[in-house]
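Encoded as structure tokens, the structure appears first; notes follow it.
The values are calculated or read from the model by the stated rules, or taken from the named source; none is laboratory data. No experiment lies behind these values; they were computed from the predicted model shown. For neighbour counting, all protein chains shown are included, and Cβ atoms are generated from backbone atoms with ideal geometry for every residue, glycine included. Side chains included, ligands, DNA and RNA excluded: accessible areas come from the protein's heavy atoms. Shrake-Rupley method; radii C 1.70, N 1.55, O 1.52, S 1.80 Å.
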Amino acid sequence: MKILAITLEKCSGCAVLIDDKIVFSTSEERYSRIKSDSSFPRNSINDALSFSGLRGADFDKVIICGNRLSLLAPLMNEYSTFSVNDQIRAMEEYWYPNLVLGKNKSFLEVFKDKINLEQFPFNTEIGKKFDIFKLHNPYTEEDGRNVSNFFKQTIASLLEIEQEKIIHMEHDWCHAAYAFYGSPIRDDNTLIVTADAWGDDLSGTLSVYSKEKGQIERVKEYNHKDFQLARIYRYTTLILKMLANEHEYKVMGLASYYNGPVIEKVEKVFDKMLQNDGLEFIFNKDVLDIYDYLKNNLKNFRFDHIAAGLQSFTEKILVNWFSSAISKYNANSVVFSGGVSMNVKANMKISQIPKIEKFFVCGAGTDETLPIGACYHWAEMNGIQPKPLDTLYLGSNAAYDEKDISSLSQYTIKKFNSEEQILEQILKNKIIAVCRERMEMGQRALGNRSIIADPRTRFNVEKINNSIKKRDFWMPFAPVILSEYQDLLIENPKGIDSPFMTITFETKDGKNKFPAAVHQADGTTRAQLLKKEQNPILWNLIFKFYEKTGIPALLNTSFNLHGEPIVRTIQDALRVFDKSELEVLWLDEHIIEKK
Ligand SMILES: [Fe+2]
């Protein structure tokens, strides 16, 4: 069985499944070099074909993630070009009039200036025939069919296949299948939870895996108008003048700096909007516009108090909900995906629910992994039990020719022979940029497109920020820890696996042992727990570092310039190396140093 699945939403991209295994997955932003790019993922699809050696005709099915698609994301590149001010304008000039004043304003009309018809596929023969200005707001059923047809025609023409081969897959089915089959858990009665802001009119689902049937069965779903947790988090992010749908993690990072009595007062503002009662969510119908409600009700609170109150509210809602679901469906194993699963602090709280024995959150639970889930769900529907994702190294190779390197006379170039060479540099407090082998899928660098450093000194945080990252001052860096030696550094009594940096852990004296890779306010750490088979060379390097220092971890952050996507090719790596003040670049076969 060969499946190609495509997402056209935020962080557009694709995945390829052959039989029971995902062989490739990537996001368009890595090619266009535009962060969170949502334009049509033509480059991703081309790379998927060339990597897998398949042609369109070879696929049994081509799946578009989501049943109800909007043209807004690819047409306006909303997720990559809208600023905080644009988002506030959307709230004030589109959402408030429509939600509160009962007007019928068109998003296309309000943001005429953002429409880009010069891009693929709007600039093709198929695109030029499609009159986007005839669409209603919201789409009628016929509009929905026309939008679906437009994408199907585009994909059919690109892949040279029959349009009949292309199907849609419901948004939350993609999240659920990714949550379960991406995880190593295959226990009967595993509870599968999805939570996000919106996908095909839902914002959450509960499902249970039946081992006997070899299938996930949905047991409950939540309408996006009832379960609005993700929206509340999103619009609070915007109230704090950070980019909604992007910088929620910064609000989460900020939350740990305050732990006082005002949390309760802020929480009450959120409680008045959304209540949890066992498995149900009750949303206050008097709140017509969340952003407007927050603007009015949070105006007297300080930024850090708001962040802390929001995070506390989020954890309370999720822990109550998960606890109720675990009791109701009698589950001990739980998996989680969807945008809300990116809240690594809430994930820690969920993992601590006493009845949970196994908990797994697969990497990048936002919409960029919908294609992997779509492949999994289709395979399952056809009697195939997909294999877990052992790693997320699912993207392009960093392959290069010797001649690409030999012409770089401005640098000192050495052959890479042993991890000792890198270790020596790390122990000299050099910051190492890495571009080796296959690129990671998702927003976390897991050692192949990473910047690594000695985590024992806070000085290295400053050095990384000055040389490349320019990270907000309150945001922590995270470590890659040898899974086999994690007991030395973190509290993990249930032995929870976290290979993709999706859960925070309490540390054992982390602020002293590896201060550059823990949250400076609360001493927790969002660790990547690395097993040897996942990345043997990186594992060996960290093991050698452990032998010298007693710390089985390195600081690990993504290799990119501030505001850019993670590097993909060797050319990207060299450009960023050149533009930054990084001193050492480690490629597959070479170590490059600035003179
Ligand atoms: Fe989603």
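Of note:
- Filtering region 198-211 for residues that are in contact (Cβ under 8 Å) with a residue 60 or more places away in the chain, basic (Lys, Arg) and away from the ligand (no atom under 16 Å from the Cβ) leaves an empty set.
- Listed by first and then second residue, the pairs linking a residue in region 561-572 that is farther than 14 Å from Ala445 by Cβ to a residue that is open to solvent by 40 Å² or more (accessible area, probe 1.4 Å), with Cβ atoms under 7 Å apart and 6 or more places separating them unless they lie on different chains, are His562/Lys470; Gly563/Lys35; Ile570/Tyr400; Ile570/Asp404.
- Scanning region 110-144 for residues that are hydroxyl-bearing (Ser, Thr, Tyr) and surrounded by fewer than 12 Cβ atoms within 10 Å (Cβ to Cβ) returns a single hit, Thr140.
- Residue list for region 398-416, restricted to those being outside any loop (DSSP other than H, G, I, E, B), within 34 Å of the chain's Cα centre (by Cα) and of a type in the set (A, V, I, L, M, F, W, C): Ile405
- Those residues of region 18-38 which are crowded, with 24+ Cβ neighbours inside 10 Å and touching a Pro at 6+ places or on another chain (Cβ under 7 Å), in sequence order: Ser25, Glu28, Glu29, Arg30, Ser38
- Test: residue in region 230-243 that is open to solvent by less than 30 Å² (accessible area, probe 1.4 Å) and within 13 Å of the ligand (Cβ to nearest atom): yes
- Tally of residues being buried (at least 18 other Cβ atoms within 10 Å of the Cβ) and either part of a helix (DSSP H, G or I) or in contact with a Lys or Arg (Cβ under 8 Å, 6 or more places away or on another chain) (or both) across region 259-274: 5
- Residue satisfying condition, being of a type outside the set (Gly, Ala, Ser), under 30 Å from Ile185 (Cα atoms) and open to solvent by less than 70 Å² (accessible area, probe 1.4 Å), within set Thr457, Thr412, Thr502: Thr502
- Looking only at residues in region 417-429 that are touching a helix residue (DSSP H, G or I) at 6+ places or on another chain (Cβ under 9 Å) and in contact (Cβ under 8 Å) with a residue 60 or more places away in the chain, the one that is farthest from Leu587 (Cα to Cα) is Leu427.
- Helices (runs of 4 or more DSSP H) within region 51-110 that include 1 or more residues touching a strand residue (DSSP E or B) at 6+ places or on another chain (Cβ under 8 Å): none
- Screening Asn448 with (1) part of a helix (DSSP H, G or I); (2) touching a residue at least 60 places away in the same chain (Cβ under 8 Å) gives one miss only, at (1).
- Number of residues in region 177-197 that are away from the ligand (no atom under 11 Å from the Cβ) and either among the basic types (Lys, Arg) or in contact with a Ser or Thr (Cβ under 6 Å, 6 or more places away or on another chain) (or both): the value is 6.
- Residue in region 169-176 that is open to solvent by less than 50 Å² (accessible area, probe 1.4 Å), outside any helix (DSSP H, G or I) and under 16 Å from Met381 (Cβ atoms) present: yes
- Entry remark, region 372-395: residues being in a loop (DSSP other than H, G, I, E, B) and closer than 29 Å to Ser558 by Cβ number 10 in total.
- Any chance Ala346 is more than 30 Å from Asp200 (Cα to Cα), touching a helix residue (DSSP H, G or I) at 6+ places or on another chain (Cβ under 8 Å), open to solvent by less than 20 Å² (accessible area, probe 1.4 Å) and more than 16 Å from the ligand (Cβ to nearest atom): no
- Yes/no for Lys241 being free of Cβ contacts under 8 Å to residues at least 60 places away in the same chain and basic (Lys, Arg): no
- The test for being within 16 Å of the ligand (Cβ to nearest atom), open to solvent by 30 Å² or more (accessible area, probe 1.4 Å) and of a type in the set (Ser, Thr, Tyr) holds for Thr366.
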